[in-house]
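Take a look at the structure below.
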Amino acid sequence: MANQWYQLPPGTIVGGRYHIEKVLGEGGYGITYYGTDLRLKLPVAVKEYYPGFWATRDCRESLDVKYSQAQEESYLRGLARFEDEALTLAQFHTVPEIVLVRDYLEKNETGYLVMEYLDGQNLKQMTDGFGGRIPPEILMPLMESLILAVQKVHEKGLIHRDISPDNIMMLENGHVKLLDFGNARDVTEDRSMTLAMKQGFAPPEQYRSKGQGTWTDVYSLCATVYYCLTGKLPVQAMDRLTGKKLPTPGELGVRLPRCQEEMILQGLDLFVDKRPQTMRELWERMYASEDVQSQTATQAEGMQSRIMNQTGRIDVTAADSDKTTDRNSTLLSTYEDLKNGGFREVCIAIFRKLRGLSGME
Ligand SMILES: Nc1ncnc2c1ncn2[C@@H]1O[C@H](COP(=O)(O)OP(=O)(O)O)[C@@H](O)[C@H]1O
Ligand SMILES: [Mg+2]
């Protein structure tokens, strides 16, 4: 996609050290770029504070972000929040499932949060890559480590408040990482920021100013799992309050161990006190039951022997990467091929396919 005039042009060097190469994503409060740390010669992701509703810029004239006096207070308050995002991330530098922050700097009248570059896809892209639904035997093992990572965030007294498919990255090695702590708050700070709320992933208490807690992240995480498994955005909390029904994953044709289906739905309960209250509770009830464990063990055994037999078949380069091939059906057939072959191998195959088809290297 062509660069917009307000986005940093490729080739810009931020702070004498970070070489900007392309835009990775853009949200209400900022733009995330792919780039290189020229000093350490490492790929990085650079997130720039750029709240389009308060500020503007034309990079053909100057890289400095401009805002009117009337917007100054909001702009600067947002900038301070943005710096908090970097400091929050820094607290979790030892948690492997949380993206690593490398630097924070202020230039061009704005702020830059420099992170490790994650070579992967977010769960929204993965869901699309799978043709609209990630099979449970791939998704559920990935979510386990994420649930435990969010538990660690809660143990520090913070709630993330923006867990959603585009804020979770999946890497080629099958690991997952949580991103975007721009909306994270101290549990004692009972204030909501309506602007940052994502429809379908935010529970009712996020539309109000009171009552948010670890259960708020439980709702968003279960909404994320629901979306990835079913390919459907969960019915918005406010519509559910007025009577619109949320179809169960089973009704949408997704087969899950009973306790997992029940937990997803309980986590999505509109009443705060009916949800599992903490990530640990959610984890215990989703993964620790004997039922799920024995099922997982059998699956794992099956996977192992198939990985051994199939390693030679995972190479999907040259002929397969014909760009005219219908992307979804290709990916689905890859999955069918490798169905019981272990989710890591499936992921690697999918990544290669996505790269081949989009012409990226
Ligand atoms: N460290 C990273 N490595 C690779 N891609 C990233 C990284 N951080 C963000 N992205 C990509 O950019 C998108 C937007 O980043 P995010 O931090 O969620 O910002 P926003 O506040 O705009 O949502 C993500 O969905 C992801 O696809
Ligand atoms: Mg985001």
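Every condition in (1) outside any loop (DSSP other than H, G, I, E, B); (2) modelled with pLDDT under 95; (3) away from ligand 2 (no atom under 16 Å from the Cβ) is met by His19 except one, and the failing one is (2). Name every residue in the stretch 161-173 that is away from ligand 2 (no atom under 11 Å from the Cβ) and under 14 Å from the mean Cα position of the chain (by Cα), in order of residue number. Listed by number, the residues that qualify are Arg161, Met170, Leu171. Set side by side, the residues Glu85, Glu26, Glu21 differ, and just one is crowded, with 21+ Cβ neighbours inside 10 Å, within 25 Å of Lys124 (Cα to Cα) and within 16 Å of ligand 1 (Cβ to nearest atom), which is Glu85. Quick one: count up the residues across the stretch 213-243 that are under 13 Å from Gly200 (Cα atoms) and in a loop (DSSP other than H, G, I, E, B). Residues flagged as under 13 Å from Gly200 (Cα atoms) and in a loop (DSSP other than H, G, I, E, B) within the stretch 213-243 amount to 6.
Of the residues making up the stretch 246-281, those that are small (Gly, Ala, Ser) and surrounded by fewer than 19 Cβ atoms within 10 Å (Cβ to Cβ) number 2.
Is one or more of the residues making up the stretch 116-139 over 22 Å from Val187 (Cβ atoms) and in contact with a His (Cβ under 8 Å, 6 or more places away or on another chain)? Give the derivation first.
Quick first cut of the stretch 116-139, residues over 22 Å from Val187 (Cβ atoms) only: 116-139.
When the remaining residues are screened for being in contact with a His (Cβ under 8 Å, 6 or more places away or on another chain), the result is none.
Within the stretch 116-139, none of the residues are over 22 Å from Val187 (Cβ atoms) and in contact with a His (Cβ under 8 Å, 6 or more places away or on another chain).
So is Lys47 in contact (Cβ under 8 Å) with a residue 12 or more places away in the chain and more than 20 Å from Asn167 (Cα to Cα) or not? Let's see the steps before the verdict.
Details: in contact (Cβ under 8 Å) with a residue 12 or more places away in the chain: yes; more than 20 Å from Asn167 (Cα to Cα): no.
Answer is no for this residue.
Among Leu113, Leu139, Leu87, which is among the hydrophobic types (A, V, I, L, M, F, W, C) and in a strand (DSSP E or B)? Let's see the steps before the verdict.
On the way: Leu139 fails: in a strand (DSSP E or B); Leu87 fails: in a strand (DSSP E or B).
So the residue among Leu113, Leu139, Leu87 that is among the hydrophobic types (A, V, I, L, M, F, W, C) and in a strand (DSSP E or B) is Leu113.
Taking the criterion of being assigned to a loop (DSSP other than H, G, I, E, B), within 16 Å of ligand 2 (Cβ to nearest atom) and modelled with pLDDT under 90, the residues of the stretch 174-212 that qualify are Gly182, Asn183, Ala184, Met193, Met197, Lys198, Gln199.
Please find, among Val44, Val14, the residue that is near ligand 1 (Cβ under 10 Å from one of its atoms) and in contact with a strand residue (DSSP E or B) (Cβ under 8 Å, 6 or more places away or on another chain).
Working: Val14 fails: near ligand 1 (Cβ under 10 Å from one of its atoms).
Residue meeting the stated conditions: Val44.
Only residues in the stretch 154-166 that are in the same structural domain as Leu221 (by TED's automatic domain parsing) count as the first member; pair them with residues that are within 12 Å of ligand 2 (Cβ to nearest atom) and part of a strand (DSSP E or B), Cβ under 6 angstrom, at least 6 apart or cross-chain, and list the lot. Listed pairs, sorted by first residue: Asp166/Asn122.
The values are calculated or read from the model by the stated rules, or taken from the named source; none is laboratory data. Because the structure is predicted, anything quoted here is derived from the model rather than measured. Positions of Cβ are backbone-derived with ideal geometry, glycine not excepted, and every protein chain shown enters the neighbour counts.
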